[in-house]
Amino acid sequence: MVKEQDSYYQEIKVYKLENDQLVESDRPVPQEVPVTIYLNDHEIVTLLCLGDHLKSLAVGFLKSEGLITDRANLKSITVDEEKRLVRVTLEEDTELNEKLFLRRTVTSGCGKGITFYNALDALINKKINSTLVIRIDQIFHLMRSLTEASELYKTTGAVHNSALATVEDLVFFRTDIGRHNAVDKIYGDCFLNSISLEDKVLLTTGRITSEILIKTRRMGIPILISRSGATSLAVSLGYQFGVTLIGYVRAKKMVVYSGHERIR
């Protein structure tokens, strides 16, 4: 079983309602810190995140937004833990600042996340043609494994979880205060370690919106499973991209939004 360390939280004083009275108590809450990403010395974005796996988070974000395309072009990645800065350098000078900020989009993510994709650009992506199939019992097994993997969620109840999996079991797990960040950490790890994704499944606890679906498509993953539901645009893109989209996986229930032909 893939497990995540119970860390990146602190105890704070709160007041809990007990027997109609407010009682002082200690409460664990997850860490939330700003991390600024630079690409070729251009400041790209500041993400509010848990503060772990910063290298993977930065690379995953840049890759999922199309700002990095070729691993061979990566010259260096420097992480300053104290200042919470990640500097990614490519072989070529991309001169991104002005172009990117003209294309910013406020997403539906927690904390009004920023993404640089243009929704119309996403529609021209080619459809995923995958022969991967998954059984119903495997779907429930993977979601149970995802729930069991996060010690931080069990402690605080205030983070999102995501995992890369085969149809059999989890490959590795990431957590963060934002569902986008958790997915980007996974993408970053896969990109840096040349992990193939066409035969993998992506799991998340967060709602499935268009930006999560687009990240999944860019990763080339054919099956996306969530404990939460999907938006109308996400479902439409699921059909457009050939992604099997499964939501509300809880107890013995689920909703298949698109790509039901991959389910056995």
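So here's what we get for this one:
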quantity	calculated
Flag if Gly51 is outside any loop (DSSP other than H, G, I, E, B), closer than 15 Å to Lys185 by Cα and not aliphatic (A, V, I, L, M)	no
Yes/no for Ala163 being of a type outside the set (Asp, Glu), within 18 Å of Gln31 (Cβ to Cβ) and either assigned to a loop (DSSP other than H, G, I, E, B) or not assigned by TED's automatic domain parsing to the domain that holds Lys75 (or both)	no
Residue that is nearest to the chain's Cα centre (by Cα), among those in segment 194-241 that are surrounded by fewer than 21 Cβ atoms within 10 Å (Cβ to Cβ) and hydrophobic (A, V, I, L, M, F, W, C)	Leu197
Enumeration of residues in segment 123-154 that are within 18 Å of Gly51 (Cα to Cα) and either surrounded by fewer than 16 Cβ atoms within 10 Å (Cβ to Cβ) or among the aromatic types (Phe, Trp, Tyr) (or both)	Glu151, Tyr153
Selected residue (only one of Val23, Val14, Val79 is farther than 17 Å from Ala182 by Cα, in contact with a helix residue (DSSP H, G or I) (Cβ under 9 Å, 6 or more places away or on another chain) and in a strand (DSSP E or B))	Val79
Number of the exception - Leu54 against (1) at pLDDT 95 or above; (2) at positive phi	(2)
Residue identified as modelled with pLDDT of 95 or more and closer than 19 Å to Ala230 by Cβ among Ala119, Ala182	Ala182
Of all residues in segment 166-193 being assigned to a loop (DSSP other than H, G, I, E, B) and not aliphatic (A, V, I, L, M), the one that is surrounded by the most Cβ atoms within 10 Å (Cβ to Cβ)	Gly178
Scope segment 82-95; condition assigned to a loop (DSSP other than H, G, I, E, B) and crowded, with 16+ Cβ neighbours inside 10 Å; matching residues	Arg84
Test for Leu202: is it among the hydrophobic types (A, V, I, L, M, F, W, C), part of a loop (DSSP other than H, G, I, E, B), in contact (Cβ under 8 Å) with a residue 12 or more places away in the chain and farther than 14 Å from Gly259 by Cα	no
Subset of segment 43-78 that is surrounded by 15 or more Cβ atoms within 10 Å (Cβ to Cβ) and more than 20 Å from the chain's Cα centre (by Cα) - its residue that is nearest to Ser196 (Cα to Cα)	Leu74
Number of the exception - Tyr248 against (1) over 20 Å from Phe61 (Cβ atoms); (2) buried (at least 22 other Cβ atoms within 10 Å of the Cβ); (3) out of contact with any His (no Cβ under 8 Å at 6 or more places or on another chain)	(2)
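The values are calculated or read from the model by the stated rules, or taken from the named source; none is laboratory data. Worth saying up front: this structure is predicted, and the values here are computed from it rather than measured. Virtual Cβ from ideal backbone geometry, glycine too; neighbours counted across all protein chains shown.
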